[in-house]
């Protein structure tokens, strides 16, 4: 399953991103990339919570999860 749902990153799209032009395709790719990153971060957090023993987290562990 692919998390990234944006347009394929072609040479032209990469050039538009590198030139910081605000083309709709470039912005769509940036939004899709951020969404993918957030979904992967959420998946990692959920996996860590499931793997953790039951009970209260140590203060350092709680801070790391919220960072």
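Quick rundown of the values:
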item: Single condition residue 22 does not satisfy, out of (1) assigned to a loop (DSSP other than H, G, I, E, B); (2) exposed (fewer than 13 other Cβ atoms within 10 Å of the Cβ); (3) touching a helix residue (DSSP H, G or I) at 6+ places or on another chain (Cβ under 7 Å); result: (3)
item: Criterion (at pLDDT 80 or above, surrounded by 13 or more Cβ atoms within 10 Å (Cβ to Cβ) and in a helix (DSSP H, G or I)) met by exactly one of 44, 48, 16; result: 16
item: Test: residue in the stretch 54-63 that is surrounded by 10 or more Cβ atoms within 10 Å (Cβ to Cβ), in a helix (DSSP H, G or I) and in contact with a helix residue (DSSP H, G or I) (Cβ under 7 Å, 6 or more places away or on another chain); result: no
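The values are calculated or read from the model by the stated rules, or taken from the named source; none is laboratory data. Nothing here was measured: the structure is a model prediction, and the numbers come from that model. Methodologically, a virtual Cβ is constructed for each residue, glycine included, from the backbone with ideal geometry; neighbour enumeration extends over all protein chains shown.
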